[in-house]
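Derivation of every value follows stated rules applied to the coordinates shown; laboratory data play no part. In this text the structure is predicted, and so the values were computed from the model without any measurement. We place every Cβ from the backbone using ideal geometry, glycine too, and count neighbours over all the protein chains shown.
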């Protein structure tokens, strides 16, 4: 039975549902005139940012396109690779565009809905998040489905086995466009959002002594824009990339394992099934008035868990239908990925949420000042890497052996690949709960700026606070899925090389090119993080200067009789983000090629393995330390250790500020880096094989 | 020509010279009565610490000895392994004991000599450092020489080729005793020194407002003791271990490469040659009155460089004499290691010394507060990992190919092994310039406490400041040599497994046990660092409480009419260090065995490779960030960015405090961890092969 059809069906359901939800959201009232005005400013800023980003990204895409085209003319790659590079980038960009559109439309509406009831607020924000979630998976499925059917038709003259091998190996390279787009979105957005946030806080809260989200702060709109470009568009692009990479690499591994069309189709059909499950899951998300944080979280969880259970049940039949009986092992691999994703999310929450011991203990270290809370946060972050590593390790082990690794290496690796798809199968709803966060955050900001009153602010605060938890969980999930996806991609890279020249491979960890590759790969995420952190520092500095200038030169600003120039701050952030994202992006693109040309394919394999490991660990550490500092500060603000304004609070603010680029710029950007390195290596494998210094 | 004799000759020269220098040092006057009293307190504290440490370490050694004995009776290892485990630990402990004895005898004498002239102070402190340096290499050479000749005799019935193979594979395991000892010395000492330092500063400088090294501070003696137990004994044990590990693994690789006795002897003879070169080098260290920091550094460098050049020349002839003509490639490998060590030291200085741009730029980030200087320091540390990684990579590449790796894998690996020995060949003098630092630091403290006057204090400050630079360089060298040694040990581990069961090996980075091993190994240094940082935090907290108690309950203390109870702080630090070092130590010992029992030898190989990479990068980052923060603070204290007491200075103090456990506890302890993991894996290889879950 050709269940590939589940992929376009999933795409259709996702996109139609997203369209329906988007319509529903935009039909809601935007509230008072002031709210509409604020929301329009945020929208304007976000649009301006996106336009500018896409303009500069298009240039970059064309440049790479020309290089790929030249290489393809020279016979180093198929002509479809440069073309798919463009379509991948296009669809990924489109997903970001729609996601941001809906998020910036929903913020004021959420605040206004929260005026009615908590449930209305939650439903609206979650609907907006769902639009993002379903658009991402819908476009992801569409891209792959279109190419699959087109290539099936194009290569119809080839015998089936040869045809599917050809298609699998081609489509494996199709993730590169999405990866490029994701890198720019994540790094640029990450720099934008933290530059605005840090800049606004340093001058507004610290120097001028006005509260957060105060409309007199010239950087306040930029801060809100930042939530959207960083957390919505950036996160969406990140997971779009994982979603693409996991499926195409699992499919390629399935073909390599000798499972033929069935091996190719299963990951794609599984993704389609996941969309249907997520679709059902969204209907389980609702709450009642007066629900506390735990209850709110429970209502979001109900949706995610429902989707997970549906996939867990459906995947069993899917495996049998697609591969025929006797592939329970593959099913176990899918399950292990699904469970690993949930488990990593849970432990992320444990380490970063103030209702658990680690973050409470961290906030206690503020008693002896900012140095000890910094040391405490770094130690917490480092410690928190152990469990995710074990989860990934166990999941890989189970997938490999369950899928039959002890008798067939290739089958085992297919198990590892498909477990990544299992983890990402319910992405639509996972991403919905994640993208919900920034919408709620923005809604809170707008409620504050528009003076909506205590009760509404309380409700948006509850929604926002929940958003912080889902953001942390979502980050853990994003890192975990990036690591599994990167693993699948690395294995696929080796398979690709094996297809071209099996004699080139000597992947032993004691082979010096591999060893040196390991060293270089282990260092890359560190260098990359340093670059992005310094970029945030420089960009924030320019915002500080601008906000100070406006406070000084605009008469009546502090008294509230004159408006600040929001646009100039948005422009500054946009410019800085565009400028600063180039160098880290280049590092991701150039490293595999350069390492390959010197150390050969074995060196590249070492580099990929090591950068995935070190990137995974570093990203966990940075995200969790950042999340814990943030929540430790909130915990103190809630009245512990002296509360707001105390010495402890001051120390916690230092921790939170250090954590900002950790958790929102460098940490999540590493996810992209590790996948991009692998994808670039896959695409350039023939070039590396031909020209490398060390064979 | 049997040049193995260079090894005992080197041992004799080193030990005799050390004895001569020690005698010379202790003949110098200790200064005023007060100085003698202070010095005696420090000595007493250090002795008490050592006694306690050795007592608890002995128990641990006996425990492991029994386990090894049982395994040897059960046929899993040779009976010489448990015995050599004890001798290795004994010699390493002895080196630490002598080093600390001389350092604590020389501190007051250095201060008194500095009263005469800067040159006298430098010569005396350097002589004390030299005792440490020569004792470490002397005992290291002695241990190996005794075993070598004994085993030659013991196995005299075997034919030569078989005999040397047996000896090489046996002696490879002999590093474990030294590794164990080193771990305890480094971790315990690191916790002691930073607990005392942070505790003394937090209450003394920050709360009570008394200057550093003020005799009224009850923790001041503990702080001075800490310099000795952490920086002298810890650093010595660290490098003793590298020195052992590099030689025995290179020798084993030489035999594995089919070079027979010559391949075994060359690393040992090279080490002997290095001692002679270092001996000559020490005579080039002298300075004149009024020399500035640059000149002082130059005079220390003159000694190191002279030794380096002598080895570079001598090694050429040595290669020809030991291996016969036509082994220029091996010579190139030695050179590449020698140069890599110097280069890493240089770049460490570049990133951490305030006369260069990075640290100056870091101190400028203090203008916007402590959060930005923390971010800046972390970014600096992360960025600073790139060049050391490239240096190690290039050095490995050169050694491997120069030694003939392209035609013989085993010869290439021998090249990698011997380059580590090349790097460490001049260890005696490198370590002398390193151990000189804490002596000068202590001398400064004593000069302050004893009120020796402005001029003397200026001279000891100059010596101390130089000590900070050599400490940073020394740390870079220690990390670099640990990484190369660990690499050689990993390769030897694989060789050992290969000897027992070649079919067990599948070291491809895509083999799931290897992959998972990579993940676990990449995480271990992070977990280990978290443990040690938290240990420092807890230990410092107990000191804070005690110092506060004494300030409150001892009448007349603040007025200077009553003495504080120094001993109680020393006791507290000792107890905390002993307690807190257990868990991190266990992590290092248990991990390879546990990972091995689950994932098998391939998983262990992956874990070793990855922990070496991630440990190297993390240690570089932590040491360099810590060093840069320290010097940024000093740069501000020298009058930049507002000088002492300014807001910038306060921010810089936060950075420095965070940097303390980074650079003096966690960072350097990682060096030991990565070597210990490999050594334990080597010793337990037969057990792992027999019992692992996954084969």
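By its C-alpha gyration tensor, with a ≥ b ≥ c as the square roots of the eigenvalues, how is chain B shaped: rounded for a/c under 1.5, else prolate for a/b larger than b/c, else oblate? Judged from the Cα gyration tensor, chain B comes out prolate (a/c at least 1.5, a/b above b/c).
At 0.36 nm per residue, minus the direct Cα-Cα distance, what do residue A:579 and residue A:357 gain on full extension? Give it in nm, one decimal, please.
Details: separation 222, 0.36 × 222 = 79.92 nm, distance 4.08 nm.
Additional length available on full extension: 75.8 nm.
Counting only DSSP H runs of at least 4 residues, each contributing -39500 (n - 2.57), and dividing by the residue count of chain B, the helix-based mean residue ellipticity at 222 nm comes to -28500 deg cm²/dmol.
Label the range A:476-573 by shape, choosing from rounded, prolate and oblate, from the square roots a ≥ b ≥ c of the eigenvalues of the Cα gyration tensor; if a/c is under 1.5 it is rounded, and otherwise prolate applies when a/b is larger than b/c, oblate when it is not. Walk me through the numbers on the way to the answer.
On the way: a/c = 4.78, a/b = 3.42, b/c = 1.40.
Since a/c reaches 1.5 and a/b is larger than b/c, the shape of the range A:476-573 is classed as prolate.
Going by the alpha-carbon gyration tensor, a ≥ b ≥ c the square roots of its eigenvalues, is the protein assembly as shown rounded (a/c under 1.5) or, if a/c is not under 1.5, prolate (a/b greater than b/c) versus oblate? Because a/c hits 1.5 or more and a/b fails to exceed b/c, the protein assembly as shown counts as oblate. Relative to the dominant Cα principal axis of chain B, helix B:293-323 is inclined by about 10°.
Take each residue in A:173-185, count the other chain C-beta atoms within 10 Å of its C-beta, and the mean is 0.
For peptide A:616-624, what's the mean number of Cβ atoms from other chains within 10 Å of each residue's Cβ?
Going residue by residue through A:616-624 and averaging, the value is 3.
Calculated FRET efficiency, residue B:67 to residue B:542, Cβ-Cβ distance, R0 = 41 Å: about 0.80 to the nearest 0.05. The alpha carbon centroids of the range A:131-190 and the range A:570-637 are separated by 24 Å. To the nearest ten degrees, helix B:582-637 and the longest principal axis of the Cα atoms of chain B are 30 degrees apart. With its label point put 7 Å out from Cα toward Cβ, residue A:647 sits 1.9 nm from the same residue's point in the other copies, in order from shortest. Between identical copies, the spacing of residue A:56 label points, each set 7 Å from Cα toward the C-beta atom, reads 5.4 nm from nearest to farthest.
For a paramagnetic label modelled on residue B:286 (point 7 Å from Cα along Cα→Cβ), amide N atoms under 20 Å away belong, within the range B:122-136, to B:122-131.
With both labels modelled 7 Å from their Cα along Cα-to-Cβ, the residue B:695 to residue B:86 distance reads 3.7 nm.
Sorted from closest to farthest, the other copies place their residue A:451 label points 6.7 nm away, with each point set 7 Å from Cα along Cα→Cβ. Peptides B:683-691, A:374-382 ranked from most to least packed by the mean count of surrounding Cβ atoms within 10 Å: A:374-382, B:683-691.
Compared with the dominant principal axis of the Cα atoms in chain A, helix A:328-352 is inclined by about 20°.
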